[in-house]
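Here is the structure we will look at, set down as structure tokens.
What follows is calculated from the coordinates using simple rules that are stated; it is not laboratory data. Model, not experiment: these values are computed from the prediction. Note: ideal-geometry Cβ built from the backbone for every residue, glycine included; neighbour counts use all protein chains shown.
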Amino acid sequence: MARRRTTVQKELNEKYSKVTWEDAVEQFLDSLKIKGLSYHTRRWHKENLQAVVKALWEAKYATEPALVTDKMLQEVVLKMIDNGLAATTINHRVRSLKQFYQYLTAEAIVGSNPAEKLDRKKAASTVIETFSEGQLQELLAAPDKTRFVGLRDYTIMLLLLDTGVRLSELVGIKLADIKMADNEVIITEGKGGKNRRVFVSPKTKETLKKYLRVRGDIPGNPYLFVSAEDQPMKRRNVQERLTIYGRQTRLEGVRVSPHTFRHTFAKMYIMRGGDPFSLQALLGHSTLDMVRHYVNLWGSDLQKMHRQFSPVAHLLRQ
């Protein structure tokens, strides 16, 4: 009987060298789907990994996952930097690579993890755009609430501002998710497939009730927000409507988008004394990282709040 004269690593590479990048990515995406990650998260990883394999191919490197080395990946990242890609974009691709190879290693599709030592590029601090109270007043006054579309858009803006929900979560809200008696909305399309509760103020609740009366019952359409043709609103429909109001009000220095409403909700929540832990739960963040970022960004504002609510200042007030 012939003796094996190859290393374990070489045997694994030979065994899996026929697994293409595309096949491995599909297996990885299927695993994310099983874990309950949203379509948009899976698409985000797919686009990042497609960009990486394109860069490997252009560099004339192997594209079979088992044959890719850490040196190849480092060269690809350096090429991205040389090409002037934003640090955020590079970090997104590195993040996807790390998760991709962690999965492949765990499933023994590759013998080693070439992405393990990849470092993320330090990104410059970015200022998160938020609306001022004056800008919010202008936006909320823009829709014609005497018409269905205007009332719907006004309700959308109030809900975005009052809850901080993501755009994908907003369009996924169904009538059954509205709990008027409890002043809450159940988010069932949350990031990572997680459900959570968000709450509405009396003004938003009152507007929701009015919108629901005008919306009426639409057979076969369980979604809260609908078009003038009684079809479920898509993400792009909401963004297009907000863009129209942005142009109409001629707001400057800020993009009128669902995410700007989300950031504004977070800032105002903190400025009015909300704690980071409850904000994390309301926004649906899996960690406190983003909430800490909010706090750091608005440190000067928090100093003003501290002067107002300082225990020592109140205790020893003359």
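Summary of computed values
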item: Karplus (6.51, -1.76, 1.60) ³J(HN,Hα), θ = phi - 60°, over the stretch 47-61, in Hz, Gly and Pro reported as x; result: 5, 5, 6, 5, 5, 5, 5, 5, 5, 5, 5, 5, 7, 6, 9
item: Hull shadow area, averaged, the stretch 220-270 [alpha-carbon convex hull, nm²]; result: 4.8 nm²
item: Per-pair calculated FRET efficiency, R0 = 30 Å: GLN231 and ILE186 via Cβ, rounded to 0.05; result: 0.85
item: Amide proton proximity set for SER227, modelled H, under 5 Å, gap of 5+; result: MET233
item: Karplus (6.51, -1.76, 1.60) ³J(HN,Hα), θ = phi - 60°, over the stretch 73-90, in Hz, Gly and Pro reported as x; result: 5, 4, 5, 5, 5, 4, 5, 4, 5, 4, 7, x, 5, 5, 4, 4, 5, 4
item: Fewest-first ranking of TRP44, TRP57, using other Cβ atoms within 10 Å as the exposure measure; result: TRP57, TRP44
item: Rounded to whole Hz, the Karplus (6.51, -1.76, 1.60) HN-Hα couplings of the stretch 62-72, x for glycine and proline; result: 5, 10, 6, x, 6, 9, 7, 10, 5, 5, 4
item: Calculated FRET efficiency for the pair MET271/ASN221, C-beta based, R₀ 45 Å, to 0.05; result: 0.75
item: Ranking of ASP182, ASP153 by count of other Cβ atoms within 10 Å, fewest first; result: ASP182, ASP153
item: Residues with amide H under 5 Å from that of LYS174, placed H, sequence gap 5 or more; result: LEU224
item: Over the stretch 56-200, relative contact order from alpha-carbon pairs under 8 Å, at least 6 apart, %; result: 13 percent
item: Entries of LYS54/LYS174; LYS35/LYS203; LYS54/LYS117 with Cα pairs more than 28 Å apart; result: LYS54/LYS174; LYS35/LYS203
item: LYS33-LYS54 FRET efficiency (beta carbon distance; Förster radius 22 Å; 0.05 resolution); result: 0.40
